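This report concerns only the one structure given below.
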Amino acid sequence: MGDSNFINEIKKRRTFAIISHPDAGKTTMTEKLLLYGNQIQVAGTVKGRGSDRHATSDWMEMEKERGISVTTSVMQFPYKDCTVNLLDTPGHEDFSEDTYRTLTAVDSALMVIDGAKGVEPRTIKLMEVCRLRDTPILSFINKMDRDIRDPIDLLDEIESILNINCAPITWPIGMGKLFKGVYNLYQDTTYLYKTGQGHTIQQVRAIKGLDNPELDAAVGDLAGDLRDELELVKGASHEFDMQDFLEGRLTPVFFGTALGNFGVDHLLDGLVQWAPSPQGRETDTRMVEAKDENFTGFVFKIQANMDPKHRDRIAFMRVCSGHYEKGMRMRHVRLGKDVRISDALTFRAGEREHLEDAWPGDIIGLHNHGTIQIGDTFTNGEVMNFQGIPHFAPELFRRVQLRDPLKSKQLQKGITQLSEEGATQVFMPLRNNDIIVGAVGVLQFDVVAYRLKDEYKVECSYDNISVATARWVYCEDAKMLEDFKKKCHDNLAIDGGGYLTYLAPTRVNLELTMERWPDVKFKKTREH
Ligand code: G4P
């Protein structure tokens, strides 16, 4: 491997996620991106809508019924000279923890906004998460084929509510039934699309120059409207500025329809042209840059039973530096063990394939037999841990009631696997054999019960339980920890990762306990 090849592979990578409010068009946009990436020939086949793949999974059925997407998938596709990694994030807010961790694994994000609805609550929340790491954001204002709001108002709304400057890259020509295409401000060219061709990559008619009479001939009065609007836009918006974009202060904005496939090509061009290649990541010992030749990566997601045929668990690792080669040895830092990885997976259009090579920014799937946890770091031997991939203390707790007592082994297995995956958190009290699950949002409980039944054939229900909150406890003084464990035995539990946790019956109880044990640390998040 030559140095220049290594650097070239890094420069080619774009790793991003789509953030949006449910129904804004994330799934449709994903399909169109895969269409341009040559991963599918005809859009409308990725996620069900009558396709076989949808029908094979009841789990997906539940997603469909509820109109939520709860699993994170990873898709890799080539576009122009780049290799694009798209990480799908669950849309429903009950899965925000999962989304949070996925966003730690990307270098940029695409915000899809429904042009009729503008900035919605989930968009605001996801932007807050992106802000934590100043992730660069590209924006796509979708559904221009409907009667949407005034585009200038929409930009104002994004600027004021999301506190980010907007730089329109394209501008819509008409809207609703009259939506014809977009004018690219930086190419001074109008692009006209055909309606009803959204499932394919279509021939686009390009007209150079805003004053070109061809434009008037093609779109009539809309040409004059466009010229007037652009005058206003130039005064009212920001110019694209690379530094501001990279620092998360400005977002390039593209207009279009994902369904009709207008303007998606411009967005993709913007992504490969401007979105950053793989960025460095902080560890507890040093900053790791993508160009460091030593291999490093971290696990941000574990998913069980991705493919009902395989019944396995996959750990998703973001490669942060170095080069993965099939059969290489890696150090599993938390376990202090070297492992040989010869069966890692890559994901194209949601299908798994065996992986030969991976570069910084890529996501690789590792078969997990229970030894990998979310947040685990892998290196070529160096002892360090990537930071910022936490578990959050849940706020809702239920005791699991098994309907058939003979299935307790399956329950144990299912619950452990779902907790490794981050679908729920599990706590085993020291004082009895209860199984307590913790969640950030209520819907998570339903999902866990459904999946236990569907994937593990275990039926269960929940009891309410008087736990108000949880804290992970640490103490450097081993003797004191023993003392604490004795005195607080009844409120202590071991979580799914084997960590000691204090389950507080009330907030007041937690405060008192913390006062009583000033040298014991009570943490709201768990990291290695
Ligand atoms: P999500 O993943 O963000 O939740 O959104 P999704 O892509 O599933 O889109 C939500 C709905 O919006 C879908 O309609 C989809 O067809 C529609 N949609 C997406 N992009 C556009 C667009 O550019 N223009 C218009 N007019 N509609 C768009 P649905 O009725 O829920 O599903 P379907 O049965 O039509 O597929």
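The values are calculated or read from the model by the stated rules, or taken from the named source; none is laboratory data. Just so it is clear, the model here is predicted, and its values are computed rather than measured. Glycine also receives a Cβ, built like all others from the backbone with ideal geometry; neighbour counts cover every protein chain displayed. Note: accessible area is taken over every heavy atom of the protein model, side chains too, but ligands, DNA and RNA are not part of it. Shrake-Rupley method; radii C 1.70, N 1.55, O 1.52, S 1.80 Å.
Listed values, structure above:
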quantity	calculated
Virtual spin-label span in nm between ARG516 and GLN203, 7 Å along Cα→Cβ	8.0
In degrees, nearest ten, helix 478-487 long axis to first principal axis of the chain (Cα)	80
Whichever aspartates and glutamates have a C-alpha closer than 18 Å to that of LYS409, once near sequence neighbours (fewer than 8 apart) are set aside	ASP312, GLU420, ASP434, ASP454, GLU455, GLU459, ASP495
Accessible area in the full protein assembly, largest first, 1.4 Å probe, for LEU271, LEU259	LEU259, LEU271
Karplus-derived HN-Hα couplings along segment 172-178 (A = 6.51, B = -1.76, C = 1.60, θ = phi - 60°), whole Hz, x at Gly and Pro	x, 10, x, 7, x, 5, 8
Rounded tilt (10° steps) of 408-420 against the dominant C-alpha axis of the chain	50
Solvent-accessible surface (1.4 angstrom probe) belonging to GLU293, in square angstrom, nearest 10	100
Net charge of neighbours whose Cβ lies under 15 Å from the Cβ of VAL106, counting Lys and Arg as +1 and Asp and Glu as -1	+4
Reach of LYS485 by Cα under 19 Å, taken over lysines that are not fewer than 8 positions away in the same chain	LYS521, LYS523, LYS524
Low-density loop cleavage sites - GluC sites (Glu not before Pro) in segment 401-485, where at most 13 other Cβ are within 10 Å (DSSP)	GLU476
Angle between the chain longest axis and helix 151-162 axis [Cα atoms, degrees, rounded to 10]	30
Among the listed pairs LYS32/LYS117; LYS413/LYS479; LYS80/LYS194, those beyond 31 Å (Cα-Cα)	LYS413/LYS479
Percent carbon-and-sulfur accessible area, the chain, ignoring ligands, DNA and RNA, probe 1.4 Å	48
Accessible surface, the chain, averaged per residue in Å² (probe 1.4 Å)	43
Segments 283-292, 355-364 sorted - mean Cβ within 10 Å per residue, highest first	355-364, 283-292
Neighbour-limited loop hits for trypsin sites (Lys or Arg not before Pro), segment 99-131 (at most 16 other Cβ within 10 Å; DSSP other than H, G, I, E, B)	LYS117
Eligible aspartates and glutamates near LYS12 by straight Cα distance, threshold 15 Å, same-chain separation 8 or greater	ASP3, ASP81, ASP107, ASP269, ASP357, ASP362
